[in-house]
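The values are calculated or read from the model by the stated rules, or taken from the named source; none is laboratory data. All of these numbers come straight from a predicted model, not from anything done at the bench. When we count neighbours, we look across all protein chains shown, and the Cβ atoms used for this are built from the backbone with ideal geometry, even at glycine.
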Amino acid sequence: MVTLLFFFSFNGDVKETYEVFSNTKIYEGIDEENTNNIFLFFLNNSIPTLKAAYEEYKGITITGIDDFFSDRLVSLPSKFLEDPLNFFKVTYSGFMDINQGGLYTSGTINDNLPDIKSFSDVPQEEIYFSEEDEYTAEEMKEHESLAETDSENDIKKEDFDVNLPLPDKVNLPKKEPQILIYHSHATESYMPNTASNYHTMTEKYNVVSVGAIMAQVLQDKYGYKVIHDKTYHDKDSYAYSYSNSLVTIKKHVAKYPSIKVILDIHRDAFTAKDDKVKTAKKNDYTITINGKKAAKVMLVIGKKNPNYEELEKFAAYIKKKMDKLYPGLYMRTDRHNTKYNQYFSNYSMLIEVGCMLNTYEEVHYSAELMGNVIGEVLKDLQE
């Protein structure tokens, strides 16, 4: 710990991110007989590096360690943390070369832990890369328990306070882009794709195609100017998907301050270990609307956003419009103790269209319906 503090105290002049991350000479001081201290070495050298990069990126000076770690670690997949090296291997390629034989990790205690480097390494039917992995184990259990109870008893719960005020009116300039659609987890896929644990970069089968259809409806039918960013923010590092998509949001909002509506399109996921469970879950996420099968839609709000109350209003209004136009399309609204980058606008929403078991035809139909829903919502709210 003394060494770590010493490094923090005497390296305040590190400013340039690219210099910090390109310094290969940093490894020259490791003694072969001292490799059992690799974690001390990593802490001493990488944490100040990350702190410097984060300060430069955010344009702030971090005064407390809690300020640095609270938002950065909130979205790490919980199953990665059972063996820290699994996370390090995904995030920092240099950890691929570490000989684990002399290191004490949870992997040496529990031999059943998988060695995860990418989507394809995940055991069949296990969802390591999903929205669920951003919740704590307790939250996941509570979420699954509530979902099972609602499904079994067919309970219809009221998601919002009936006295919740309407969203404020919004100014949407006609000559500039008003809507941004993007995907923090762009590789999330639908049936028939099951490869790489239900992830693919083939647009036809992933959530990018859903965003494309919504964008087309909003442009062609409602006349809005939409930016659909197809960046695969989760391609190289799932753990930093939201950090990557944050860069995308900042870029577009800086260029077009006219953007008022920001939509992050996903799909849901869960563990389904046999055909019986799969069939039941698939039915839970599917509805027939106007004689055609559609995937149900969830809304997700981050409770840590300073504009949380406004996001609640927006979500409630979207639900109200869904119920009016397409009864049964709405599934539920989830709220989690994070931000999901929703603080840039009071009209931000994370929308999960179906789950990994829905077919791409079902979700494409839902995308068309949601394009209509958002279009009608904005017609009502536009100044």
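Structure above, values below:
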item: Filtered residue count, the stretch 327-341, keeping only those that are touching a helix residue (DSSP H, G or I) at 6+ places or on another chain (Cβ under 6 Å) and either part of a strand (DSSP E or B) or of a type in the set (S, T, N, Q) (or both); result: 3
item: Residue under evaluation residue 186, criteria (1) assigned to a strand (DSSP E or B); (2) within 16 Å of the chain's Cα centre (by Cα), criterion not met; result: (1)
item: Any hit, the stretch 260-270, residues being of a type in the set (D, E, K, R) and more than 30 Å from residue 172 (Cβ to Cβ); result: no
item: Some residue of the stretch 155-169 being of a type in the set (Phe, Trp, Tyr), over 16 Å from residue 268 (Cα atoms), in contact with a Leu (Cβ under 7 Å, 6 or more places away or on another chain) and surrounded by 14 or more Cβ atoms within 10 Å (Cβ to Cβ); result: no
item: Candidates 319, 293, 304, filtered to the one that is touching a strand residue (DSSP E or B) at 6+ places or on another chain (Cβ under 9 Å) and assigned to a loop (DSSP other than H, G, I, E, B); result: 304
item: Near pairs, Cβ below 9 angstrom, 6+ apart or cross-chain, from the stretch 326-338 (farther than 13 Å from residue 304 by Cα) to any residue that is aromatic (Phe, Trp, Tyr) and modelled with pLDDT under 95; result: 333/160
item: Any hit, the stretch 202-210, residues being outside any helix (DSSP H, G or I) and either without any contact (Cβ under 8 Å) to a residue 60 or more places away in the chain or surrounded by 16 or more Cβ atoms within 10 Å (Cβ to Cβ) (or both); result: yes
item: Test: residue 135 is touching a strand residue (DSSP E or B) at 6+ places or on another chain (Cβ under 8 Å) and either surrounded by 14 or more Cβ atoms within 10 Å (Cβ to Cβ) or at pLDDT below 95 (or both); result: yes
item: Residue list for the stretch 215-244, filter: part of a helix (DSSP H, G or I) and either in contact with a His (Cβ under 8 Å, 6 or more places away or on another chain) or modelled with pLDDT under 95 (or both); result: 215, 238, 239, 240, 241, 242, 243, 244
